[in-house]
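Contents: one structure, followed by commentary.
The values are calculated or read from the model by the stated rules, or taken from the named source; none is laboratory data. Computed from a prediction, not measured in an experiment: that's the story for all the values here. In this analysis, Cβ positions are derived from the backbone assuming ideal geometry, glycine residues included, and neighbour counts consider all displayed protein chains.
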Amino acid sequence: MGYMHGIMVGVMMGFGAYLFTYLLGRFVESSILSRPDLRRAEEALPRRSLLEAKFDTRRSDRRARLGVLTAEITDLRRRRFLQDKALADARREAQAPIRVVGAEGQAFLKFRAWLVNRQVQMAVADRKRHPTLDGEWAQPQIVEVWADSLGDARKEIQRFYPVPLGFSTLSISLEQAGPAEGQETAKAVAG
């Protein structure tokens, strides 16, 4: 009976220790749960999780907006670069001498051509001087051509600035109509 009694006492003590630990744990849990700051935290948790979701949505919206604004800034910088270039070209054009080919005002159309001399460009690149032409021909030069058509304008340019002498036409465009059209427009406005 000694062993049985010892086992029974051990089981009773183990059960008592378990019960004591269980009750102590419940008491500590209830005391922690009854604290006012914990209750406030539990009440604020759903609200804060909602705020976190809204902040995540707002952050993704802001990132998308930032991408759009970055693209706009890039486009504006590109446009500003093009405008600055156009302004610099206009200033350079305003200071450049304009050569006139053809009978000014007698032909119906006025063309604007940009010419350059390749021989002068090569001489400038070699740090030499062209024997007959000025060094300014290394840069594009403006030539106004009065002619009745684009083909006639090209012929006039070739006559005054021949290709065998190194002249090259970079571009040619119609600038305006001649005086006949201007006079008709003036009469129509006056009448």
Practice problem: With respect to Ala123, determine if the residue is farther than 15 Å from Leu170 by Cβ, modelled with pLDDT of 90 or more, under 39 Å from the mean Cα position of the chain (by Cα) and not charged (D, E, K, R). | Solution: yes
Practice problem: Out of Asp37, Asp126, Asp84, Asp134, report the one residue that is over 27 Å from Glu156 (Cα atoms) and assigned by TED's automatic domain parsing to the domain that holds Gln158. | Solution: Asp126
Quiz item: From Val100, Val124, Val68, which residue is among the β-branched types (Val, Ile, Thr) and buried (at least 16 other Cβ atoms within 10 Å of the Cβ)?
Solution: Val124
Exercise. For Met4, indicate whether it is of a type outside the set (Gly, Ala, Ser), exposed (fewer than 10 other Cβ atoms within 10 Å of the Cβ) and over 25 Å from the mean Cα position of the chain (by Cα).
Key: yes
Practice problem: Kindly indicate which of Gln106, Gln119 is closer than 21 Å to Glu156 by Cα, touching a helix residue (DSSP H, G or I) at 6+ places or on another chain (Cβ under 9 Å) and in a loop (DSSP other than H, G, I, E, B). | Solution: Gln106
Quiz item: Do the conditions hold for Leu170, that is, is it out of contact with any Cys (no Cβ under 8 Å at 6 or more places or on another chain), surrounded by fewer than 17 Cβ atoms within 10 Å (Cβ to Cβ) and at pLDDT below 90?
Solution: no
